[in-house]
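Working notes, structure below.
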Amino acid sequence: MNPASTSPVPSLHMESFLVEVAEVVNTTLDLDTLLKRTAELIRRVIDYEIFSIMLLNEKTQELRMRFAIGHSPETTERVRIKVGEGVTGLAAQKREAVLVNDTSQESRYIGVLKGVRSELAVPLIVKNRVVGVIDIEAREAGYFTEEHRRLLTLVASRIAAGIENARLYTRVARQAQTLTVLNEISQELTSILNLDELLRRIAELLTRLIDYQMFSIMLLDPTRTRLEHRFSVRYKENVPLKHDIPVGTGLVGYAARERTAVLVPDVQKDERYIQINPETRSELAVPLIYKGSVIGVLDLEHTRRGYFTDDHRKTLSTLAAQVAIAIENARLYERLAKEEQRLEQDLATARELQFGLLPCAAPVLAGVELAARYVPALAIGGDMYDFISYMGGRTALAIADVSGKGVRAALYAALVSGLLRSSAPGEPDAAEMLSLLNAALIERRIEAQFVAMLYTIWDENDRTLQVANSGMPRPILCKNGVVEIVQATGLPLGFFDDAEYEEFLLPLAPGDVCVLLSDGIVDAANYAGETMGRSRVEKLVAESCRSSAEEILEVIYQAVNQHADGVATFDDQTVMVIKAKDLAPPPKKKTKNTKDA
């Protein structure tokens, strides 16, 4: 190359050239395309042989090659230059172009390529922040001129904004794609109730988000002191691993004990690391947490240092919440399936497992008292209720009644519970939630199985209760001792493809009471075959409306038991009482729910 071949650009041509640069910046949002076009434009005014655009990792303060000409792929992948080191690091640190006429005389020069004698590095600065460096090199001493420095500085000032916009666009597009994939994965995982199949599918689906090399799911043993390898993949091959890891030991043990994700760019520099795979260089371990308790750890490894990013950590942490729910549902299904074979001996254990899915206590909310109780007809049954926190002072309150009784109904209720929880992060309105659950159950249709549900949302800001119904008895609303009719009805979930659901908005003044109940209450019969009936329940609510929510709940169950007069319950009985109260700071302690036999 000859410096004469890159003589100063005439002002008229320079103006045209800068217009082309501006066009590239303003019309290109794909980062790879932008960098390639930038290299082509610069070559037209500076006949370089070796060219690279290095982008800055702000967290590590390292420059990494994002685009290169004249460098081998191995060099592009390997080279990391700290800010302040070498010619490019110096340009980033000083925030100005650095021109080296003879690299053999420059002590800070880092010899990436043999034979390089001159170098010109220009920082990419946008909004007073360095985002990278344009670097060109030549094998002749004194190749680059002050005119080249001025010209490249001018180009860099325009290209920097384009690079930042392209990176932002790429990040947003990747996040949108990640959220879409996460949603698809979550929906699929909730439908798999075989644990071995579930773990295998988790490993497969995760590759859509992170191209890992080694993957493990470890679950806590019954003593909750050790992590057992439950499923592992090494280079796309399922590999059984037998060793256990004590909680608190190693990176995965630390993640379990501290209940936090652990991202290690270089395991050889982390004293917590226990070498199991000699080839591992970077690792990401995320705890699996279900209902506030750690149940295991999801672990990824790679042979490349610094492979996993903070975006990977966020993505895996989001997915881990759904994985924990799916694993718990699958493990519950697995346990219940075994229990059904010896139902006569172990119904008490099955009952305990099912009741573990119910909330331990009603949440303490501003503006309402809550009380709920579930009494199954058999040792286990198909009714359920749940409380789900929304943002902005809203809380969803739901009760449901699965068709049938016993183990079959309980398993279906567990599936409904998992689908409900996996749909809740989107905070759908009441009717929308019923539509989502109906569609999900239709996709997983089980013969002769369906579920009725009342889904309500309490809004403490405007003190309203949003109500949607899919086959449950209509809510009982009592104002000043007078029961009002709430015409909320609808078709059961999982039965009709084209079912639509209606919403009702009930303003609740202090003292108002709304009772949600399953048909096991109104259909409770005595020896004469006379049912409890809705009118009796409405009268009870009207007479006891000045009592607390817990007291109203107790009145209803006492009356049902007295009416039945010893007749065995033939249907599950569930009641939720919602009583509006004056706004006041909520107490610190939660109220205890009752789960009766």
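Computed from the coordinates by the stated procedures, all read-outs in this text should not be read as laboratory data. Computed from a prediction, not measured in an experiment: that's the story for all the values here. Neighbour counts run over all protein chains shown; Cβ positions are idealised from the backbone, glycine included.
Can you give the angle from 0 to 90° between the axis of helix 406-423 and the longest principal axis of the chain, with both taken from C-alpha atoms, to the nearest 10?
40 degrees
Compute the long axis of helix 549-564 from its Cα atoms, compare it with the longest principal axis of the Cα atoms of the chain, and write down the angle in degrees, 0 to 90, nearest 10.
Tilt of helix 549-564: around 40 degrees.
Using alpha-carbon pairs under 8 Å, 6+ residues apart, how would you state the relative contact order of the chain in percent?
9 percent
What percent do you get for the relative contact order of segment 359-595 when only Cα pairs under 8 Å and 6+ apart count?
29 percent
Please list, ordered by chain and number, the residues whose modelled amide H lies under 5 Å from the amide H of Y290; skip anything fewer than 5 residues away on the same chain.
I295
Would you mind finding the longest exposed-site-free stretch of the chain, with exposed GluC sites (Glu not before Pro) meaning DSSP loop and at most 13 other Cβ atoms within 10 Å?
59-270
Please give me the summed charge of the neighbours of G132: other residues whose Cβ is under 10 Å from its Cβ, Lys and Arg +1, Asp and Glu -1.
Computed value for this residue: +1.
What does the charge count near R463 come to, summing +1 for each Lys or Arg and -1 for each Asp or Glu among other residues with Cβ under 15 Å from its Cβ? If you can, show how the numbers build up before the last one.
On the way: positive: R394, K479, K579, K581; negative: E369, D459, E460, D462, D512, D582.
That sum, taken over residues with Cβ under 15 Å, equals -2.
Once you list every other residue whose beta carbon is under 15 Å from the beta carbon of V402, what net charge do they have if Lys and Arg are +1 and Asp and Glu are -1?
-3
Of I388, Q93, A400, whose Cα points farthest to the positive end of the dipole of the chain (charges on the beta-carbon: +1 Lys, Arg; -1 Asp, Glu; origin at the Cα centre)?
The one lying farthest along the dipole's positive direction is Q93.
Roughly how tilted is helix 31-45, in degrees to the nearest 10 and between 0 and 90, from the longest Cα axis of the chain?
Helix 31-45 sits roughly 10 degrees off the main axis of the chain.
Between segment 263-302 and segment 237-252, how many Å separate their Cα centres?
Each part's Cα centre sits 10 Å from the other's.
Which percent, to the nearest 5, of DSSP beta bridges fully inside the chain are antiparallel?
100 percent
Using only C-alpha positions, report the orientation-averaged shadow area of the convex hull of the chain, nm², one decimal.
Convex hull of Cα atoms, orientation-averaged projection: 34.5 nm².
Counting DSSP beta bridges with both partners in segment 3-172, what percentage is antiparallel, nearest 5?
100 percent
Please identify every one of the trypsin sites (Lys or Arg not before Pro) in segment 387-446 that sits in a loop by DSSP and has no more than 12 other beta carbons within 10 Å of its own beta carbon.
Here the sparse-neighbourhood loop sites are R445.
May I ask which of K291/K338; K242/K338; K82/K127; K36/K236; K36/K314; K59/K94 have a Cα-Cα span longer than 26 Å here?
Result: K36/K236; K36/K314 exceed 26 Å.
Can you tell which of L263, L154, S435 lies farthest toward the positive end of the dipole of the chain, using +1 and -1 charges on the Cβ of basic and acidic side chains (Lys, Arg; Asp, Glu)?
Toward the positive end, the furthest listed residue is L154.
Using just the C-alpha positions of segment 359-595 as equal point scatterers, what log10 of I(q)/I(0) does the Debye formula give at each q in 0.13, 0.15 1/Å?
-0.75, -1.01
Quick one: dipole size for segment 190-329, taken about the Cα centre, charges +1 on Lys/Arg Cβ and -1 on Asp/Glu Cβ, in debye to the nearest 20.
120 debye
Could you give the dipole magnitude of the chain about its Cα centre, charging the beta-carbon of Lys and Arg +1 and that of Asp and Glu -1, in debye to the nearest 20? Mind dumping the intermediate values first?
Working: 69 positive and 82 negative charges, 372 e Å.
The dipole magnitude comes to about 1780 debye.
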